[in-house]
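Have a look at the structure below before the remarks.
Just so you know, all these numbers are worked out from the coordinates, no wet-lab data involved. No experiment lies behind these values; they were computed from the predicted model shown. Backbone-built Cβ (ideal geometry, glycine too); neighbour counts: all protein chains shown.
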Amino acid sequence: MSIQHYQSIFGNAATEVRQFNTLFVIFLVVCAVMYVAVIAFLIAGIARRRRAAEANTVEEGRHHESDPAMRTGLIAWGAVVGTGLVALAIASFVADRSMANAAAHEKLSITVTGNQWWWDVQYNAADNSKMVRTANELHLPVGVPVRIMLKSNDVIHSFWVPSLAGKQDLIPGRDTDITITPQKVGIYRGQCAEYCGAEHAKMALVVDVDSYPDFIKWWQHQLQTAPKPTTPLALAGYNYVTSRNCSACHAIAGTPASATVGPDLTHLASRRTLAASMPMSEGNLYGWVADPQSIKPGTKMPTIGLEPNELHAVVAYLETLK
Amino acid sequence: MTELERVRAEDQRLAKERQRIARDGPKLTGAKLEARLERTWRRPPGILGWLATVDHKEIGRRYIITALLFLALGGMLSLAMRLQLAQPDSNLISPQRYNELFTMHGSTMMFLFAVPVMEGVAVFIIPLMLGTRSTAFPRLNAFSYYMYLFGGLLLWVAFLLNIGPDIGWFAYTPLSGPQFSPGKRADIWAQMITFTEVSALAAAVVLICTILKARAPGMTLARMPLFAWAMLVVAVMIVFSMPSIALCSGMLISDRLVGTQFYNHYEHGDALLWQHLFWFFGHPEVYIIFLPATGFVSVITETFCRRPIFAYPVVVLALISTGILAFGLWVHHMFATGLPRVGYSFYTSASMTVAIPTGLQIFCWLATMWDGRPRFQVPMLYVVGFIVTFVIGGLSGVIIASVPLDLQLHDTYFIVAHFHYVLIGGAVFPLLGILTYWFPKITGRMMSETLGKIGFWMLFLGFQLAFFPMHFAGLLGMPRRVYTYPAGLGLELPNLLSTIGAFVVATAVGLFVVNGLYSLYRGAIAPPNPWEASTLEWATTSPPPPYNFAHVPVVDSKTPLWDAEGELPVVTGLRVDEKETLLTTVVAASPDLREPVPAASLWPLILSIAVAVFFISSIFSPWAVLFGSIPCAIAAAAWFWPKELNRNPEPVIT
Amino acid sequence: MILEPRFTGDVADLPTHKFGPGSLTWWGIIGFMVIEGTFFALAFAAYFFLMGHEQGWPPEARQAPNLLWGTLFLIVILLSEIPNTMIKKAAHERDVPAIRALMPVIIGIGGVLLIIRGFEFNNLNCRWTDDAYSSIVWAILFLHTTHILTDWGDTVVLWFLMMTDVGWEGRRLVDTDENCMYWRYVWLLWIPVYLLVYWVPRL
């Protein structure tokens, strides 16, 4: 997985973005031709001054006259610019229509709700027992069109995974949606693309495109409840998490913690990132749980001031939530 | 005696007195006339006289200097931002502070620099270019400057006191609403808008009335300089666009202060209402900034290519059609908001169509260069720099007019690159060129050509270094308004290059300022027409006397000084003992009325202080709307009320 | 080098005042009218935008504003055009005594209108904090109130000036004429405001 395509618009990893490349190239070529024409005319005008005799200037007394070729040139220029723009507009319209058609047949439905500053991801299913809730990460099966319903709990955010699709805003009080049909297995990064407050820069998400069997395996795993803690340390952590501040905001399936204000933690440790901005690791878990405000100042998760033994216990428990 | 008889007797007495009034003419001309006009038109000395001035040249200079100060302040903010972004995962600047920085940078540049500097240049030069003694409504002109100054002070004092806004220059709801932006930061931003928009609307009315009614006899609309056309179109655009942002920012303050629900979707309001109203203003706003710059380019190109601009009617039509089309594009800022796709196609087409008139203007300028004999002194260098740079921005604009392309590029650094190319390339380059060009007229001295050339190349090359890499940063996935970015996405190199380029740009702007300051004291003394230009502002001294022209000039061509044959045709008959100017008819510019010009007055300043108190206190309490309006009403009435209530043989405005 | 002047004509006999588009202040007032009109037009657009979100208007079975006070306002302000036109005519005819006598009439009517406006606000059957519908209705009525209040204040100041000797000056008569023009704008704008506040919710 090369870095250049990780969050690049040229990731070219979904049906919806493949047309982007072609359209972008068409536009670039036409625009470059126009630019070259302008610069060529500019240089010609600069160079021409050496041939003084033909100038229509005040010094020659001919400043009210014009080179007749310029009149033809003006009309031709206007025609070329107009034609070029019409062609580009048509190309754009055609690409737009074809992308819309591609979006018409989704097979999978996900709801992403934007919050300051994390992504609440819910996989919709006809049967409630098959619904999956996670945060800051999507897993998608390759080749399957998925329709992502976009909502916001607070301010305007924007869902953007450049390698897979253009962006779409999440607007409180309105429902928008985006359809993606990934075509290449891989890991893709996205970011919130609409300024949403203090930690807008740290509202990233990861999209894991798997083969269909791997995707189903992932889904089945997500449906499982959290494993019971087996070590004393993890048990102490479990007790803390389900009885103290944490359970006021977080849910862990299979435990008494069921609040939906914050991200679902059931399979936290199997996610690739933490707090929508850091790679998942033991060190980052420690840092985040101990003092979220110093890592992501302004985040909604308060710094509680855990005692060291509480911290070890909580992190030990969280690490079991794979 | 009945009242009527008394009045009739008074009329006769005044008519007799009228015969004795001294007026300019063949019998009163030359140095004697100039001495008398100087006495009549100069403003009272001292600090109070300075505060009370209604001389458009002084007001225009204030606008320009204040705007350049805000340019420097806004530029320093951008250097801080670039330092933070030079490296990934940087914590040089905290997120909160960074968010304030980009909010202040955008707001300062857009509201406190770009529009006011254009207004300032126009206010200074338009009466001179049109051959008249004063703008229309000089006191309103003074008032508009003070409102601008107070708005800028409000914003910057708040920032320095750590209560500056952090919602972005575009302040989208609901982030800027009461729930997500507690405190007064957002209100300060919104009220700064009120100040600057009142200022711009007042200046727009002044400019429209001046351009339509105060032109020199014989200067028909078809002979009017292209810069005056540009400012006429811009002033009309201001009139139709600024109320939109006044309305939406007023509704925002209202939501925050008294609990209205305009943007609150829980109570059937809509966050998109803000976006529609904001961008209905916001899109014309960028043309309000760009069109005066096209006027500058026309002015410079004409003078330095030694011929009028090719196809003048086409350029005029291009200005007017750009001004009109600009109002039909605003939804292209909202392509990602989920509005109906079919509707979007209209805005794509409109956004592309607006490139056509601009493209035609570019042809006309290039054709003028082709057909003339260009001299590449500093102002003309800026014109060339403008063509090379602005067109890149215009073409990247065509790219993002396409919905599928915009859905990737919107809210990324590609957009940041685009708008800096059109704003700096398209407005700042011509601005620096025109400041160099009109510097002798404003100050009486020439700027240094050597320093100017060094500064130009530094700015031109530094700009490309700073902003071209941003196209790539956007394509590699860097969103806007982020205080940092992670390592490993390929963003390090473009950001580092941009930071280096930013410092080169800052140095170049600093060099321009140094050139200006140095030249102010040591520059070569400028004759009336150092560039051998064609328009009327060059028919008077550098700098002009307070009364602009000893006799009102008459024109019969688009290039009066090039067709003058050694003499300047003038009309006579304006009084010399009181300030008076000539009004002409709107289209044909035939002499129509003699109009008294107000004396210097402190009421514009006093009213703007009263309004400032009203606006600022209404951030804190709705009762201020009631109580604050009383001093405003009193000051406004005092402004209008004449100092003496006796009748004069000719009207005098005191 | 300043060019020598060539004298081509004299303007000393031009007038110093004119009614209509010859007057500089006429253009200034038209400019402000366009600005205010745009303000209102955009507020109307916001009204319809918010209405587009609702199934019912006013939403939630709220009552529409009481017709009585708004309609009374409409009648009184339309009637005020009678003295207004008389003043305008008097200005053109330099009939200053007539102006001095008629302006208190229109000032009085303005005062009555402001009182009626107070009753209108009280009878909107909603509070501006209730929802977006209430907010926009209050906002539009508030905008028109500032409109009428400032013109009323202008008229009072102008009347005081007309009572002095300078009331006989041509330029003051032009001021009076233009003030009448502006008053027409105030009631003209009332018509769409009235329709939007009182009738559209009843459709």
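By DSSP, the beta bridges lying fully in the protein assembly as shown are antiparallel in about 65 percent of cases. Between B:R375 and B:L69, the simple label model (points 7 Å from Cα in the Cβ direction) yields a spacing of 3.5 nm. Other protein chain C-beta atoms within 10 Å of residue C-beta, averaged over B:387-397: 3.
When you count, for each residue, the other Cβ atoms within 10 Å and take the mean per peptide, how do A:129-136, B:53-60, A:174-181 rank with the highest first?
Numbers: A:129-136: 17.6, B:53-60: 23.6, A:174-181: 20.8.
Top of the packing list down: B:53-60, A:174-181, A:129-136.
Going from the fewest other Cβ atoms within 10 Å to the most, the residues A:D154, B:D187 appear in the order A:D154, B:D187.
Report relative contact order for chain A in percent, whole number only (criteria: Cα-Cα under 8 Å, sequence separation at least 6).
Answer for chain A is 16 percent.
Based on DSSP H segments of at least four residues, each scored -39500 (n - 2.57), chain B has a per-residue ellipticity at 222 nm of -21000 deg cm²/dmol. Working note: Cα atoms of the range A:15-102, range along each principal axis, descending, whole Å: 64, 20, 14. Kirkwood radius for the range C:1-150, taken over all pairs of different Cα atoms as the inverse mean of 1/r, rounds to 19.4 Å. When the Gaussian network model of chain A links Cα atoms closer than 10 Å, the mean-square fluctuations of A:L205, A:L285, A:L235 top out at A:L235. Across all directions, the average flat footprint of the convex hull enclosing the Cα atoms of the range C:101-203 is 7.0 nm².
Counting, for every residue in C:22-29, the Cβ atoms of other protein chains within 10 Å of its Cβ and taking the mean gives 6. Counting Cβ atoms of other protein chains within 10 Å of each residue's Cβ and taking the mean over peptide C:116-129 gives 1. Taking only the C-alpha atoms of the range A:232-319, the Rg (one decimal) and the largest Cα-Cα distance, Dmax (whole number), read 11.9, 34 Å. Loop-only trypsin sites (Lys or Arg not before Pro) in the range A:23-112, please: DSSP not H, G, I, E or B, and at most 11 other Cβ atoms within 10 Å. Qualifying residues, ordered by number: A:R50, A:R51, A:K107.
When only the Cβ of Lys, Arg, Asp and Glu is charged (+1, +1, -1, -1), the dipole of the range B:88-231 relative to its Cα centre reaches about 660 debye. In percent, rounded to a whole number, the relative contact order of the range A:232-319 is 35, using alpha-carbon pairs under 8 Å and six or more apart.
Exposure proxy for A:E60, C:E60: other Cβ atoms within 10 Å of each Cβ, ordered fewest to most, give C:E60, A:E60.
Orientation-averaged projection of the range B:32-157 equals 9.8 nm² [convex hull of Cα atoms, one quarter of hull surface area]. Spacing of the modelled spin labels on B:W457 and B:Y521, each 7 Å from Cα toward Cβ, amounts to 2.8 nm.
Charge dipole (Cα centre; +1 on Lys/Arg Cβ, -1 on Asp/Glu Cβ; no other charges) of the range A:15-102 amounts to roughly 160 debye.
For the range A:108-221, the convex hull spanned by the alpha carbon atoms encloses 92 Å³ per residue. In a simple Cβ point-charge model (Lys, Arg +1; Asp, Glu -1; nothing else charged), the protein assembly as shown has a dipole of about 1420 debye relative to its Cα centre. With R₀ fixed at 30 Å, the C-beta to C-beta distance from A:T230 to A:N153 puts the FRET efficiency at about 0.25. Lys/Arg Cβ at +1, Asp/Glu Cβ at -1, dipole of the range A:15-102 taken about the Cα centre: which of A:T22, A:W77, A:A87 is farthest positive-ward? Ranked along the dipole, the leading option is A:T22. Using θ = phi - 60° in the Karplus curve 6.51 cos²θ - 1.76 cosθ + 1.60, the 3J(HN,Hα) couplings for the range B:614-626 round to 4, 5, 5, 5, 6, 5, 9, 8, x, 5, 4, 4, 6 Hz; x is entered for Gly and Pro. The angle between the Cα long axis of helix A:15-48 and the longest principal axis of the Cα atoms of chain A comes to about 30 degrees, rounded to the nearest 10. Per-residue ellipticity at 222 nm, computed for chain A from helices alone with -39500 (n - 2.57) per DSSP H run of at least four residues, works out to -12500 deg cm²/dmol.
Please arrange B:K32, A:K184 by counting, for each residue, the other beta carbons lying within 10 Å of its beta carbon, fewest first. Walk me through the numbers on the way to the answer.
Details: B:K32 12, A:K184 15.
Ascending number of Cβ neighbours within 10 Å: B:K32, A:K184.
Averaging 1/r over every pair of different alpha carbons in the protein assembly as shown and inverting the result gives a Kirkwood radius of 32.6 Å. With contacts taken as Cα pairs under 8 Å and at least 6 residues apart, chain B reaches a relative contact order of 21 percent. Given a cut-off of 20 Å, what percent of all Cα-Cα pairs of the range B:458-563 lie beyond it? Distances greater than 20 Å cover 64 percent of the Cα pairs. Near the amide H of B:L582, within less than 5 Å, lie the amide hydrogens of B:R133, B:E595, all on another chain or at least 5 residues away, with H placed in the peptide plane.
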